[in-house]
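Q: First, the structure itself, so that you have it in front of you.
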Amino acid sequence: MIMPSAHQWVEGETLVQHFESRGISRREFMEFCGEMAVILGIGSAATPRIAEAFEAAKRPSVIWLQLQECTGCVESVLRTESPTIGDLLLDVISLDYNHTLMAGAGAAVEKAKQAAMSANKGKYLLVVTGSVPLKEDGMYTVIGGRTAKTVLEEAASGAAAILALGACAHWGSVQAARPNPTGAVGVRDVIKNKPILNIAGCPPIGDVVTATVVHYLTFGRLPAVDGEGRPLFAYGKRIHDQCSRRAHFDAGQFVETFDDEGARKGWCLYEVGCKGPATFSPCPIFMWNARTSWPIGAGHPCLGCTEPHFWDTMTPFYGRLPDVGGFPVEERADTIGLALAIGAAAGIAAHGAATVFTQIRRRRSTNQVPESTSEEESHNG
Amino acid sequence: MTTRVGALGGARGMLGRVQRVFARERGNFTWVYLWSAPIRAMHWIAAACILSLILTGFYIGRPYFATSGEASAHFLMGRVRFVHFAAAAVLVMTGIVRAYWLMVGNQFERLPALFPVTGKNISNLVKTAGSYLTFRPDKQPNFVGHNPMQQWSYTAVYVMAVVTVVTGFTLYGQSAPGSVIFRAFSWLPPLLGGLQGIRVIHHLMTWAFIIFIEMHVYFAIRSDYVERAGVVSSIITGGRYISTDHSYEDYDIAKVPSHPWPTGEHRTPGKGA
């Protein structure tokens, strides 16, 4: 049984000692290490290595900045009905600074952050949720009298590595959707000289964060990433290729409206706009809310929230293809294509008809077939 | 013949009608060989591929058949996608052969034939377009091979094909991240608004091909009717008959030696000219 934060993970105490004091048995601990090894894709043979690293792990210092965001990522990652060891791990490592979860407020908290940053300079892990607004000198997000950009740059300068958690910290999310009035950008657009890991999603799954922290504690570095800077162990495959409804896609069985028979039978949501074929995410495997369910499992198409600029590129959320702009009424690709094809066919028909008409007239006037001429006779002769 | 018709008495009017039905173009004609066998084969293989790619592509884009019952009993989308991918692979093969033939083909098949950029070509392009728009085939400059309008439109089709194939393979590669195809095209999605951007371009290209096919078939058949050019047969047999009474913008009849028919070999005009 996991106890709530009755006491903190103190300096000098190893992680295993702390777990024991919180009532976690050796067996539960080893199960957790095995699970993490599987999630990270490094194989169950790596379980002892993770356990060993945890036995020796001292409390890492983590600074958690919340910038221009909705706090949904904190909710998703930290708040669960029945905390798992992974949740506990996140709970205990995120103690130095997180302005939503901290009991204190105001100048005292800012002071604590400064103290933690200078005490662990170059060693602490920086977690960032929320984007950085750049327009109007960044006045759209101001914390403790300073802009998000200043706060981020200051915290990043002493960080060992940065976890950009959620779509906002990744690339800006909804506030960066066109026309992006606040000039919101992700962490990677502001900080260029630190290793940044993007834990994509709106919000991301807590397990990905846990596993990343486990990887960091075990190997002392961030896991391998894809072209978007997302950890490959989680974002290495498309939702479409791991989907529990994939068999219905291959069979040609599709939900056409949300209350049809296909929807009741759990068929593929491809035709109602599922972005699973364009989205790299571990949702079908890790799932949400203590592995209860996930959007497609619950009958809703994927919105593609782990992909950059999904508010612009994945919309309409309930349509297969993006709208094609430049028209007063937003039109679908097929409407435009069909209109052009019919237009071309009509043009061809008109051109053909005009050709026939002019040819008949021309031939009548210039190209009469003679009944009999001397030339004709010589040819036939 | 006149006497025989005379013997038939009042059939002269009837013969006139028959002659109109079986009207002949008069003059001197010669047969020229234009399109090498590989070009013709690739044309028809590519046509079959594109047709099946359009049909299967529209199914993949918006499945127009549904199956019922257990999913395990069906593999409709799976098969359709297989046909789509296989046809795409064959289409790439025809593209490779065509690209090789851009280097080794005759003057009508080589790379410069895709880019008629000289002043004379541009003026002929304008004249050709003008003759189409004003319905005056008699004002159309004569070409043995493709006229500049055709040349540019086929160049455009090759560009369309490359765009469609590249976007298609980008989408195809997504199922196997880290594969050669995935890596080869991974630079593309960020430039074009992600995979959905790629998808909509691929989809719009399908419509572009449909519009091209409409116009291509129309102009080919129209040319056979109006210009008596025999171009439809030229992509089957490789050659067509041209009037030796005209001069041609891209072919000097006087310089190409003729061969007796039917025993002589048909000379590829491009190599002799």
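The values are calculated or read from the model by the stated rules, or taken from the named source; none is laboratory data. Because the structure is predicted, anything quoted here is derived from the model rather than measured. No Cβ is skipped: glycine too gets one built from the backbone with ideal geometry, and neighbour counts run over all protein chains shown. Please note that ligands, DNA and RNA were not included when accessible areas were found on the heavy atoms of the full protein model with its side chains. Shrake-Rupley method; radii C 1.70, N 1.55, O 1.52, S 1.80 Å.
Q: For segment A:131-223, what log10 I(q)/I(0) values come out of the Debye formula at q = 0.13 1/Å, with one point per alpha carbon and no solvent?
A: Here log10 of I(q) over I(0) equals -0.46.
Q: Give me the Debye-computed log₁₀ of I(q)/I(0) at q = 0.08, 0.09, 0.14, 0.15 Å⁻¹ for segment B:37-226, equal point scatterers on Cα only, no solvent, two decimals.
A: So the normalised log intensities work out to -0.35, -0.43, -0.93, -1.02.
Q: So, one more: Which ³J(HN,Hα) values, rounded to whole Hz and listed in residue order, are derived for segment B:26-37 from phi using the Karplus coefficients 6.51, -1.76 and 1.60 in 6.51 cos²θ - 1.76 cosθ + 1.60 with θ = phi - 60°, glycine and proline given as x?
A: Residue by residue, segment B:26-37 yields 9, x, 9, 10, 9, 9, 10, 9, 10, 10, 5, 3 Hz.
Q: Would you work out which of A:I42, A:I63, A:V187 lies farthest towards the positive end of the dipole of chain A, given +1 charges on the beta-carbon of Lys and Arg and -1 on that of Asp and Glu, about the Cα centre?
A: My answer, from the dipole projection, is A:I63.
Q: Shifting gears a bit: Work out the length of the dipole vector of segment A:15-235 about its Cα centre, built from +1 on the beta-carbon of each Lys and Arg and -1 on the beta-carbon of each Asp and Glu, and round it to the nearest 20 debye.
A: Working: 20 positive and 21 negative charges, 118 e Å.
Around 560 debye, computed over segment A:15-235.
Q: Another question about this same structure. Got a number for carbon plus sulfur as a percent of segment A:15-235's accessible area, 1.4 Å probe?
A: The nonpolar share, carbon plus sulfur, comes to 54 percent.
Q: Have a look at segment B:187-210 and report residues whose accessible surface goes down by 10 Å² or more when the remaining protein chains are included, against the chain on its own, probe 1.4 Å, ligands and DNA/RNA excluded.
A: B:G193, B:L195, B:Q196, B:R199, B:V200, B:H203, B:L204, B:W207
Q: Report the extension gain between A:R27 and A:A263 in nm, rounded to one decimal, defined as 0.36 nm multiplied by the number of residues separating them, less their alpha carbon distance.
A: Result: 80.8 nm gained on full extension.
Q: For segment B:184-246, give the percent of accessible area contributed by carbon and sulfur heavy atoms, probe 1.4 Å, rounded to a whole number.
A: 73
Q: What's the average, rounded to a whole number, of partner chain beta-carbon atoms within 10 Å of each residue's beta-carbon in B:148-154?
A: 0
Q: So what's the gap between the Cα centers of segment A:241-263 and segment B:211-242, to the nearest angstrom?
A: 46
Q: Let me ask you something else. Any chance you could check the Cα centroid distance between segment B:84-149 and segment A:41-73 for me, in angstrom?
A: What the calculation gives is 62 Å, centre to centre.
Q: Which residues, if any, in segment A:229-266 have at least 40 Å² less accessible area in the whole protein complex than in the isolated chain, probe 1.4 Å?
A: For segment A:229-266, once contacts with the other chains are taken into account, A:R238, A:F249, A:D250, A:A251, A:G252, A:Q253 lose 40 Å² or more.
Q: Per q in 0.11, 0.12, 0.15 1/Å, what log10 I(q)/I(0) does a Debye calculation on the alpha-carbon atoms of segment A:15-235 return?
A: Each listed q maps to, in turn, -0.52, -0.62, -0.97.
Q: Go ahead and estimate [θ] at 222 nm for the protein assembly as shown from helices alone: -39,500 (n - 2.57) per DSSP H run with n ≥ 4, summed, over the residue count, rounded to 500.
A: -15000 deg cm²/dmol
Q: Placing +1 at every Lys and Arg Cβ and -1 at every Asp and Glu Cβ, with all other atoms neutral, what dipole size does the protein assembly as shown have around its Cα centre, in debye to the nearest 20? Mind dumping the intermediate values first?
A: On the way: 58 positive and 52 negative charges, 418 e Å.
Charge dipole of the protein assembly as shown: 2000 debye, to the nearest 20.
Q: Considering the alpha-carbon set of chain A alone, what are its Rg and its Dmax in angstrom?
A: That works out to 30.5, 120 Å for Rg and Dmax.
Q: In the structure shown, do any of B:K139/B:K255; A:K237/A:K275; A:K149/A:K192 have a Cα-Cα gap over 18 Å, and if so which?
A: Numbers: B:K139/B:K255 25 Å; A:K237/A:K275 13 Å; A:K149/A:K192 13 Å.
Those over the limit are B:K139/B:K255.
Q: So for the protein assembly as shown, taking the charge dipole from beta-carbon charges (+1 Lys/Arg, -1 Asp/Glu), which of A:A247, A:S157, A:T306 sits furthest toward the positive end?
A: A:A247
Q: Also: Highest mean first, how do A:334-346, A:58-70 rank when packing is the count of other Cβ atoms within 10 Å averaged over residues?
A: Packing proxy ranking, top to bottom: A:58-70, A:334-346.
Q: For the protein assembly as shown, report the accessible area per residue in Å² (1.4 Å probe, heavy atoms, rounded to an integer).
A: Per residue, the protein assembly as shown has 49 Å² of solvent-accessible surface.
Q: Please work out the Kirkwood hydrodynamic radius for segment A:239-313, using every pair of different C-alpha atoms, and report it in angstroms with one decimal place.
A: On the way: mean 1/r = 0.0802 Å⁻¹.
So the Kirkwood estimate lands at 12.5 Å.
Q: Roughly how many whole Å is it from the C-alpha centroid of segment A:201-220 to that of segment A:155-200?
A: 17
Q: I'd like the interface area for chains B and A: accessible area of each alone minus the complex, both sides summed, 1.4 Å probe, protein heavy atoms only. What is it in Å² to the nearest 100? Could the numbers behind the result be given before it?
A: Numbers: alone 17390 and 19510 Å², together 32300 Å².
Summing both chains' loss of accessible area gives about 4600 Å².
Q: Strictly under 4.7 angstrom between C-beta atoms: which cysteines of the protein assembly as shown have no such partner?
A: A:C33, A:C70, A:C73, A:C168, A:C243, A:C268, A:C274, A:C283, A:C302, B:C49
Q: Per the Kirkwood formula on distinct C-alpha pairs, the Rh of the protein assembly as shown is how many angstrom?
A: The answer is 30.4 Å.
Q: Kindly express, to the nearest 10 degrees and within the range 0 to 90, the angle between helix A:206-219's C-alpha long axis and the longest C-alpha principal axis of chain A.
A: Rounded to the nearest ten degrees, it is 60.
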